[in-house]
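Contents: one structure, followed by commentary.
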There are 2 protein chains.
Amino acid sequence: MNKKPLAGLAALLPLAACSDKAQQPNIVFFLVDDFGWVDSSVQYGEELYPNNLRFNTPNMQRLSERSTVFGNAYACAVSTPTRTSIMTGMNAAHTGITNWTSAVRDTPSDATGGGFWMAEHSGSGDALAGDVLSRPDWNMNGISPVPGVPYTQYANSLVQFLKDAGYFTIHVGKAHWASAGTPGVNPYNHGFCVNIAGTMAGMPRDYSGMQNYGNTKERWNDFAVQNLVEYYGTETHLTEALTQEALKALDYPVKHKQPFYLYLASYATHTPIQPDERFAQKYRDAGMDEGQAAYASLVEGVDCSLGQVLDYLEEKGIADNTIVIFMTDNGGNSENKQKGGVLHTQNLPLREGKGSCYEGGIRVPLMIYVPGKTKVGRCDIPVICEDMFPTILDMAGVRGYETVQELDGQSILPLVTGRGEGPDPERPLVFHYPHKWKPYDLEDIDFLSAVRIGDWKLVYRISEGARSANDRLYPDSRNTARAAAVELYNLKEDIGETRNVAADYPETAARLADTLSARLRRWNAPMPVVVATGKTAPLPDEL
Amino acid sequence: MNKKPLAGLAALLPLAACSDKAQQPNIVFFLVDDFGWVDSSVQYGEELYPNNLRFNTPNMQRLSERSTVFGNAYACAVSTPTRTSIMTGMNAAHTGITNWTSAVRDTPSDATGGGFWMAEHSGSGDALAGDVLSRPDWNMNGISPVPGVPYTQYANSLVQFLKDAGYFTIHVGKAHWASAGTPGVNPYNHGFCVNIAGTMAGMPRDYSGMQNYGNTKERWNDFAVQNLVEYYGTETHLTEALTQEALKALDYPVKHKQPFYLYLASYATHTPIQPDERFAQKYRDAGMDEGQAAYASLVEGVDCSLGQVLDYLEEKGIADNTIVIFMTDNGGNSENKQKGGVLHTQNLPLREGKGSCYEGGIRVPLMIYVPGKTKVGRCDIPVICEDMFPTILDMAGVRGYETVQELDGQSILPLVTGRGEGPDPERPLVFHYPHKWKPYDLEDIDFLSAVRIGDWKLVYRISEGARSANDRLYPDSRNTARAAAVELYNLKEDIGETRNVAADYPETAARLADTLSARLRRWNAPMPVVVATGKTAPLPDEL
């Protein structure tokens, strides 16, 4: 797709932002991977659910007790869209980066009934006769800090503004903003001063130091983790190795009293679900199956990492000037047998998991601690990943910045501090996954869009919309088109999205459908192609 | 061997050094690999030699015209010993790191007649019947920033002192100080704030971006270069990619006016001798064979890199406060068929090349430019790689530092500025390679030690010494032992070491042999084992 920046801003270089040096707090952004809303002892919802009780996460608990805990925080359904939204301040439907970026550039990560498009996976990528939709034209190469790179969204990054404002910016862990062979894949091009292990990889080849994190002749592939040679052939788990490197990287700014931004993006708890043996045994002893125990141990490894960072801040005497943000990139994976347990139940009471625009795929843990200014406790106003861009610059006191991209997010700092005006609780939040995730059908994941406004949420099944709108294929279904394709839920009453009330509230459904359509149309959002017609699928207001 | 630090200093942490902030210049240390003394248009010797005329190196020339050009600068015979001497200020015979460190820890890189010891190379490593000597007990894991790591020299690094004094310290390129799985392999543990591509690798798996620098399923091994994912699948040569990353890393300290130390250690011109196609064709057109053209193109790539750095310093307006050091880690490789030409002639007029204690293996390019203070022109006072530790701290104005290790080097800054006292021109410089380099015999490389005092140089053939000292094997040779094992050259009259004058100057030979023996004994230098007796080989004063 290779979108152009907005015309009026295209010629502007990012303006030098001004920053209030006296009020530059340190910022730690702790971003976890595939870690679900109920996968810790922290209560994000109105109650503690049975799934919460399975995890031992004392450090997340510790942070929650001093933080604003967001009960309605959202990310995208998969990794790259969230990560690039954080970096750009744009909704994923707006960047056109609606799926995860594959390791090799110009290679769609989409699946079809015929398999994946990627050479490294099986299958030709060609649509099969049974496929209603084929892949959209999307920005499959991710974000780019320079214009003109095919299939990318050109944008000024959050981190570059921080660096320009004097922050020492550190990237540790998973980047996954772009494919190899493009400028966007390199954290140094987005304003990071230090990069440990951030590449095109969306998952680690191996969590074990004994396997050199995948850097062996037998195991190497593009997801082998770089920069950790110190730990090769040792028992050091990947989460631990990354934490240690993060603390080393903090040494310079802490010693020289430079404000720092630490983006510590754990590869855990993504697949492969390999046990973190520091913690796994007690979960086995508690009767969990091996997959559940392994996953719980990865979670506890992340918790331990968080605790080490919090301890470090206290030991160095800088905890009182360090903001901590804790978040996940998408919902917990409920579609992976490695995790053990029963598929599609992992995020209960939320419906479905990673990949889905149902709540299990997009509602995520989020806690924010601002020393001395935090309204401790739950906040249920809906917020979304693209809010992190203006929020973090707000935290850093960076004002007056100009970006080549149009920002969609808003600062949620007022929701934490209680000072100033936060986002409207009724603003629409848009989710868009116009892709097929796996070569087999996942009806609650593939080709979904959604919008939340207040307590209402509309889910649009693009595939059903395409079927219904296609007269030749389904001549009799036309007048029930919207009914088949659109679902409406009241999240306050039905957090599990079990009761579609679209027929009961047709005006509300229409309002949300119109809002979603208008956003997707304005953003020129990627839409899949109807195999039978070769045209892009309809928006919900076209049904 | 796992040497202990000196007893009196063992309990000391490095003392906080004090540094004169007002006089903190930036420092760029440009360290080239396997790049010989006559492999550029720069005249390091008393004349330009025919080999000098084969290379196009305008940027080295440009630097030389403002620098002190050292005509008698020395490194060790192979890579790791030089690199660790720079980091520690110790002679390699003193660190016990006398050979290159292999990728996997606890694995000697030594060869024997039976092959290499390393699993990744062929052969069992066992000595064959014809072998006189077997491998020494040496610090095969390299340097360590913490005590207690087997087979390492524990030492405080040069870079940690710079960082502690406020320098922003950047590592780009080849590290090769230690084996994977040890703390010493990680540049962040030695005081670097940023590390690009520095690992256990002593060579690049591939110079080509089209081959992802070796990061492909087909080509991956431990020498695949990390941190360069941006350039995968592009025509970007490794030397260019590293240069670009170095300039990016400079962005933060330059913008924030922090003094910086950039250690830019090119992987070029090490094997594999693959052409840098930006430059190769003109050398082919000039009639060079493919190996010669490829090597010359790698050299010109390094020259281009140097030019890009010098240009950057000028563009940023910081050239007047930036010291530039240009050096090589050992002599040019004259024992590699990939390089084309005629073996063992590559470094003429110097004898032999990399691996050897003859001049071709150890005499290296060295230029130093100190803005506003440089005595421009040749300096022929002998200097050696361990001098770089105190020299660079002297440049940085770091005073009063204490190290757990005993320093062997001396500041050579007075030789550049003409102010203060430089090293005694008659101080002994020691070279020690108690190893077999390849599974085949290389009589001018394997098992040699040497000492230079003034114009005199003694070369000790340890193997001959061992043969001679072994009564049972060679009962008749005892009284000619030293004559067989020791060679004496006058370098002023015979730079090519073609005329052994030991018989003409027996007292000089004895004086140098005694000095060499005393040094090696005091440092507990690694010595090979005599296969026939199981004892370590004799020092020259024991013959």
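The values are calculated or read from the model by the stated rules, or taken from the named source; none is laboratory data. A quick note: this is a predicted structure, and the numbers were derived from the prediction, not measured. Virtual Cβ from ideal backbone geometry, glycine too; neighbours counted across all protein chains shown. The area values use the complete protein model at the heavy-atom level, side chains included, leaving out ligands, DNA and RNA. Shrake-Rupley method; radii C 1.70, N 1.55, O 1.52, S 1.80 Å.
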Legend entry - Failed condition for B:Tyr188, given (1) facing chain A (nearest Cβ under 8 Å); (2) open to solvent by 30 Å² or more (accessible area, probe 1.4 Å); (3) outside any loop (DSSP other than H, G, I, E, B); (4) over 25 Å from B:Lys316 (Cβ atoms): (2)
Legend entry - Verdict on A:Arg472 being part of a loop (DSSP other than H, G, I, E, B) and either open to solvent by less than 60 Å² (accessible area, probe 1.4 Å) or at pLDDT below 95 (or both): yes
Inset, instruction - Taking the residues in segment B:352-375 that are buried (at least 24 other Cβ atoms within 10 Å of the Cβ) and of a type in the set (Lys, Arg) as candidates, determine which candidate is farthest from B:Gly332 (Cα to Cα). - result: B:Arg363
Inset, instruction - Inspect segment A:340-358 for any residue being of a type outside the set (S, T, N, Q) and under 13 Å from A:Asn26 (Cα atoms) and give the result as yes or no. - result: no
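Mind listing whichever residues of segment A:202-231 are in a helix (DSSP H, G or I) and more than 26 Å from the chain's Cα centre (by Cα)?
Across segment A:202-231, the qualifying residues are A:Gly209, A:Met210, A:Gln211, A:Asn212, A:Val229, A:Glu230, A:Tyr231.
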Legend entry - Members of segment A:52-68 found to be surrounded by fewer than 20 Cβ atoms within 10 Å (Cβ to Cβ) and closer than 16 Å to A:Asp311 by Cβ, listed by number: A:Pro58, A:Gln61, A:Arg62, A:Glu65, A:Arg66
Inset, instruction - Scan B:Phe279, B:Phe326, B:Phe260 and give me the residue that is within 27 Å of the chain's Cα centre (by Cα) and within 25 Å of A:Leu228 (Cα to Cα). - result: B:Phe260
Inset, instruction - Residues being under 23 Å from the mean Cα position of the chain (by Cα) and either basic (Lys, Arg) or surrounded by 18 or more Cβ atoms within 10 Å (Cβ to Cβ) (or both): count how many of those fall in segment B:516-543. - result: 11
Inset, instruction - Run A:Arg378 past the list (1) assigned to a strand (DSSP E or B); (2) open to solvent by less than 50 Å² (accessible area, probe 1.4 Å) and report the number of the one that doesn't hold. - result: (2)
Inset, instruction - Name the single residue, out of those in segment A:351-408 being among the small types (Gly, Ala, Ser) and out of contact with any strand residue (DSSP E or B) (no Cβ under 9 Å at 6 or more places or on another chain), that is farthest from A:Pro428 (Cα to Cα). - result: A:Gly372
Legend entry - Residue among A:Thr182, A:Thr216, A:Thr234, A:Thr239 that alone is of a type in the set (Ser, Thr, Tyr), closer than 25 Å to A:Ile27 by Cβ and modelled with pLDDT of 95 or more: A:Thr239
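Residues are listed down the side, and each one gets a yes or a no for (1) assigned by TED's automatic domain parsing to the domain that holds A:Arg519; (2) in a loop (DSSP other than H, G, I, E, B); (3) open to solvent by 10 Å² or more (accessible area, probe 1.4 Å); (4) not acidic (Asp, Glu):
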| residue | (1), (2), (3), (4) |
| --- | --- |
| A:Asp424 | no, yes, yes, no |
| A:Arg427 | no, yes, yes, yes |
| A:Val430 | no, no, no, yes |
| A:Tyr440 | no, yes, yes, yes |
| A:Lys457 | yes, no, no, yes |
| A:Gly465 | yes, no, no, yes |
Inset, instruction - Please verify whether segment B:147-159 includes one or more residues that are at the interface with another protein chain (Cβ under 8 Å from one of its Cβ atoms) and surrounded by fewer than 24 Cβ atoms within 10 Å (Cβ to Cβ). - result: no
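Would a scan of segment B:255-270 turn up a residue that is in a helix (DSSP H, G or I) and either in contact with a Phe, Trp or Tyr (Cβ under 6 Å, 6 or more places away or on another chain) or outside the structural domain of B:Gly397 (by TED's automatic domain parsing) (or both)?
No, the conditions are met nowhere in segment B:255-270.
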Legend entry - Number of the exception - B:Tyr167 against (1) open to solvent by less than 10 Å² (accessible area, probe 1.4 Å); (2) more than 7 Å from chain A (Cβ to nearest Cβ); (3) closer than 20 Å to A:Lys217 by Cβ: (3)
Legend entry - A:Thr271, sole failed condition from (1) among the β-branched types (Val, Ile, Thr); (2) closer than 20 Å to A:Arg83 by Cβ; (3) within 14 Å of another protein chain (Cβ to nearest Cβ); (4) open to solvent by 10 Å² or more (accessible area, probe 1.4 Å): (3)
Inset, instruction - Quick one: in segment B:232-250, of everything that is more than 7 Å from chain A (Cβ to nearest Cβ) and not in a helix (DSSP H, G or I), which residue is surrounded by the most Cβ atoms within 10 Å (Cβ to Cβ)? - result: B:His237
Inset, instruction - Among what's in segment A:113-134 and is at pLDDT below 75 and in a strand (DSSP E or B), pick the residue that is least open to solvent (accessible area, probe 1.4 Å). - result: A:Gly115
Legend entry - Residue among B:Asp110, B:Asp137 that is of a type in the set (D, E, K, R), at pLDDT 95 or above and either surrounded by 20 or more Cβ atoms within 10 Å (Cβ to Cβ) or touching a Pro at 6+ places or on another chain (Cβ under 9 Å) (or both): B:Asp137
Legend entry - A:Ser102 being at pLDDT 95 or above and not assigned by TED's automatic domain parsing to the domain that holds A:Glu335: yes
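Quick one: is B:Pro390 modelled with pLDDT of 95 or more and either among the hydrophobic types (A, V, I, L, M, F, W, C) or open to solvent by less than 20 Å² (accessible area, probe 1.4 Å) (or both)?
yes
Is it fair to say B:Arg278 is more than 11 Å from chain A (Cβ to nearest Cβ) and without any contact (Cβ under 8 Å) to a residue 24 or more places away in the chain?
no
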Inset, instruction - Determine whether B:Gly332 is under 17 Å from B:Asn51 (Cα atoms), surrounded by fewer than 24 Cβ atoms within 10 Å (Cβ to Cβ) and touching a Gly at 6+ places or on another chain (Cβ under 6 Å). - result: no
Inset, instruction - State all residues of segment A:205-231 that are open to solvent by 10 Å² or more (accessible area, probe 1.4 Å), facing another protein chain (nearest Cβ under 8 Å), closer than 26 Å to A:Cys193 by Cα and not acidic (Asp, Glu); if no residue qualifies, say none. - result: A:Asn212, A:Gln226, A:Asn227, A:Tyr231
Inset, instruction - Give the number of residues within segment A:191-204 that are within 7 Å of chain B (Cβ to nearest Cβ) and closer than 20 Å to B:Gly214 by Cα. - result: 2
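Checking the condition assigned to a loop (DSSP other than H, G, I, E, B), in contact with a Pro (Cβ under 8 Å, 6 or more places away or on another chain) and within 25 Å of B:Asn99 (Cα to Cα), which residue from B:Leu343, B:Leu348 passes?
Exactly one of B:Leu343, B:Leu348 is assigned to a loop (DSSP other than H, G, I, E, B), in contact with a Pro (Cβ under 8 Å, 6 or more places away or on another chain) and within 25 Å of B:Asn99 (Cα to Cα), namely B:Leu348.
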